Amino acid sequence: MALRTKKFDIQDHLASPADRAAYLAAAFEEGDEAFIKQALGDIARSMGMTEAAKLAGITREGLYKALGKTGDPKLSTLLGIARALDVQLTVEPREATA
């Protein structure tokens, strides 16, 4: 009997603000701009791009553009997206590396 698998889809795991915040925090911990944009896009898609754009105060097309591969979202866009995704961005000192 063959093993049945299901394709992993991160959107299946982003149902709550806590889930979204944990995923986005992991992306920021990595510090990779592309991963952060991907995480923001995954979260926005999980709640619906139209709704996320509306809550962020930008157009749906603007949201796609900002989070696309060549996108470079402005700070105001990033803050709007965070507000729309119901997550809070915080800053902490980096742990000292010995």
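Every number in this text was worked out from the coordinates using simple rules, so none of it is lab data. All figures in this text were calculated on a predicted structure; none of them were measured in a lab. Don't worry about glycine lacking a Cβ; one is built from the backbone with ideal geometry, like all the others, and counts go over all protein chains shown.
Candidates 75, 59, 41 compared by Cα position along the dipole of the stretch 17-84: farthest toward the positive end lies 59, with charges placed on Cβ.
Exposure proxy for 47, 1: other Cβ atoms within 10 Å of each Cβ, ordered fewest to most, give 1, 47.
Counting other Cβ atoms within 10 Å, keep those with at most 10, restrict to DSSP loop, and tell me which trypsin sites (Lys or Arg not before Pro) in the stretch 22-75 are left.
Passing sites in the stretch 22-75 are 69, 74.
Computed over the chain, the range of Cα coordinates on each principal axis works out to 53, 45, 26 Å, biggest value leading. Only Cα pairs within less than 10 Å get springs; with that Gaussian network setup on the chain, which residue of 70, 59, 50 has the largest fluctuation? Sorting by GNM fluctuation, first place goes to 70.
Compute the relative contact order of the chain as a whole-number percentage, counting only Cα pairs closer than 8 Å that sit 6 or more residues apart in sequence. Show your work: numbers first, answer last.
Working: 76 pairs, mean separation 25.5, N = 98.
Computed value for the chain: 26 percent relative contact order.
Where only DSSP H runs of four or more residues are counted, the chain gives -17000 deg cm²/dmol as its mean residue ellipticity at 222 nm, each run worth -39500 (n - 2.57).
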